[in-house]
Amino acid sequence: MARATRSASRKARRAEEAVATGPLGALSHDELGVIFDGLADPLQPVVAVALSSTCMGMRTPLAAALKVLEEQHKRAVALCRRYDMSCAEMCREMKLDWKSFDRTVVFDVSCAATLGMILRRSSLPTLRELDLGNKNLGDAGVQALFEGLGPGSLPSLCDLSFDDSQVGPAGAEALAAAIRRGAMPKLEGLLLDNNPLGNQSLVALAPALQKLPLLGILSLWNTGIGDEAVTSLVSNLGKDAFKALEIIDLDHNKVTDKGCATLVSAIKAGALPSLTGVALSATGDDRLVQNPASEAAMKAVEQALEVNRQALEESQ
């Protein structure tokens, strides 16, 4: 029995040594770290942990990284529990509609940082809709969410909503930076209603949005923007900018006749070939807070859009 035990131990050591001296064993600590980092998914840490357990020679250099992954997994589990789901369920989600949760279920800066950490690991490849409206994230929350996101982040996301979340210029710049780095390449709809954006935000955000090839809906209702923002959005567009954009909601803002004229010029120049709807005028009691543009100026926008609509119908 003793000889059998010693023989089994020797075989185990030889197997371990074979791994250590094989392709993985030949890698430097830095190279092992790169591989581990690529596998370190906070929602599904088992693959990275299995790698570190391959042999004794890999456990020591990866010990610190394992500790970090453990803490990240704990944060991910806590976030999932807050919204009544498991990590496995979040991995498979196509829609995260956290706006629909009761406002007592807080989604604060810490939650945003945890979700951002998960997204940086590309843990949600099938996610198509993300709604964080009514969560009062503010600029700090949006910055924490989008920090470091780039190529591979949210590869399938189509719809993103941050309505009524106290997002200002700093948050808009964080969103723009993530798009510029290659995040959310399939975004089709962006909802930023009822946020204190102002013209400054659109100056930063517009160039990034123009590069999104599938963006079809942009909603900026009651965001404190005016003619400068309209100019940032639709003036001097490149040949591939906003080719899919169909609807812009600019209602409840500060757009004047000048902004309407800018829109008309862009539409007539063929710079917005898919645009069929621009919301500028409120109805009923809401007319008290609609854009200050004249009825004639808004009608000119509608007439320009009608030409677009007819052209699109003829092309189908």
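Miscellaneous remarks
- Among the residues of the stretch 100-118, the ones that are crowded, with 19+ Cβ neighbours inside 10 Å and within 22 Å of residue 217 (Cβ to Cβ) come to 0 in all.
- Among residues of the stretch 233-266, those that are buried (at least 20 other Cβ atoms within 10 Å of the Cβ), in contact with a helix residue (DSSP H, G or I) (Cβ under 9 Å, 6 or more places away or on another chain) and of a type in the set (Asp, Glu), counted: 1
- Just so you know, in the stretch 102-124 the residues that are at pLDDT 90 or above and not aliphatic (A, V, I, L, M) include one that is nearest to residue 178 (Cα to Cα), and it is 116.
- Flag if residue 141 is of a type outside the set (Lys, Arg), over 15 Å from residue 96 (Cα atoms) and touching a residue at least 12 places away in the same chain (Cβ under 8 Å): yes
- First in the stretch 166-178 and closer than 10 Å to residue 200 by Cβ, second anywhere and surrounded by fewer than 19 Cβ atoms within 10 Å (Cβ to Cβ) and not aliphatic (A, V, I, L, M), Cβ under 6 Å, 6 or more apart: 168/196; 169/200
The values are calculated or read from the model by the stated rules, or taken from the named source; none is laboratory data. All of these numbers come straight from a predicted model, not from anything done at the bench. As a convention, Cβ positions derive from the backbone with ideal geometry for all residues, glycine included, and neighbour counts pool all protein chains shown.
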